[in-house]
Amino acid sequence: MDKQINDEDYTLCKVKACKQYIVFCSDYCRLHTCNEGGCSLRTRSILYCKNHGCNSKGCTYDYWNYSAGKYCPDHRCNDLECQLENVYGSKYCLSHICNFDDCKNKRSYFGGRYCESHQKQIRFAIVAMMTKMKITRDIRILVYDTLVNALRSN
């Protein structure tokens, strides 16, 4: 005997206002179920759930194959060991981007808040200022040593 199938045998997707039927092993329809094979979670973006898609707002990229992080290659910081989101328009996150206004370069490898180029500009500006103020070399060295020691003690 063949059982007749009717609409009452199917469940609708749990997304409000969606009138599609759920897919096998999910509470959601095909449109609202993650596209990662074996995942039955609801999509956060167009294609993937929060576990399998880039967490950058509006991105539909699958990052599953790229890292254990939460962002796709387009939105993840380019620092090798960093998994944070990059700053819009830059390749680096807030921890790795130069702090100089509108600069999108990576901070210096030797520490500091600025990229190599801006660190040089700042050093030259300080030396020029001290020279203009006619500060002797001995006092410049003393000021430098004091600043270095103060930074080491923190």
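Using +1 at the Cβ of each Lys and Arg and -1 at the Cβ of each Asp and Glu in the stretch 7-52, identify which of TYR28, THR11, THR43 lies farthest towards the dipole's positive end.
The listed residue farthest towards the positive side: THR43.
Rounded, prolate or oblate: which fits the stretch 98-144 when a ≥ b ≥ c are the square roots of the eigenvalues of the alpha-carbon gyration tensor, with rounded for a/c under 1.5 and prolate only if a/b beats b/c? Please list the in-between numbers first.
On the way: a/c = 4.09, a/b = 2.21, b/c = 1.85.
Note, shape of the stretch 98-144 comes out prolate.
Counting Lys +1, Arg +1, Asp -1, Glu -1, what net charge surrounds GLN119 among other residues with beta carbon under 10 Å of its beta carbon? Walk me through the numbers on the way to the answer.
Numbers: positive: ARG107, ARG113, LYS120, ARG123; negative: GLU116.
Overall, the nearby charge balance is +3.
Could you grab the relative contact order for the stretch 7-52? Cα pairs under 8 Å, six or more apart, rounded to a whole percent.
Numbers: 72 pairs, mean separation 10.9, N = 46.
The value is 24 percent.
So if R0 is 30 Å, what FRET efficiency would ILE122 and ASN78 give, r being the distance between their Cβ atoms, rounded to the nearest 0.05?
That gives a FRET efficiency of 0.80.
If you filter the stretch 84-132 for trypsin sites (Lys or Arg not before Pro), then keep DSSP loop positions with at most 11 other Cβ within 10 Å, what is left? Each step should come with its number before you reach the end.
Numbers: sites: LYS91, LYS104, LYS106, ARG107, ARG113, LYS120, ARG123, LYS132; in loops: LYS91, LYS104, ARG107, ARG113.
Those that pass, being in a loop and sparsely packed, number zero.
Once you list every other residue whose beta carbon is under 15 Å from the beta carbon of SER40, what net charge do they have if Lys and Arg are +1 and Asp and Glu are -1? Before the final figure, lay out the partial values.
Values: positive: LYS14, ARG30, ARG42, ARG44, LYS50; negative: ASP27, GLU36.
With Lys, Arg at +1 and Asp, Glu at -1, the neighbours total +3.
Cβ under 13 Å from TYR61's Cβ, TYR61 left aside: what net charge do those residues give with Lys, Arg +1 and Asp, Glu -1?
Neighbour charge sum, excluding TYR61 itself: 0.
Given 10 Å bins starting at zero, what is the percent of C-alpha pairs of the stretch 7-52 in each, up to the one with the largest pair distance?
Histogramming the stretch 7-52 at 10 Å steps yields 34, 53, 12, 1 percent.
Each value in this text was obtained by applying a stated rule to the coordinates, not by laboratory testing. The model shown is predicted, which means the values in this text are computed figures rather than measured ones. Note: ideal-geometry Cβ built from the backbone for every residue, glycine included; neighbour counts use all protein chains shown.
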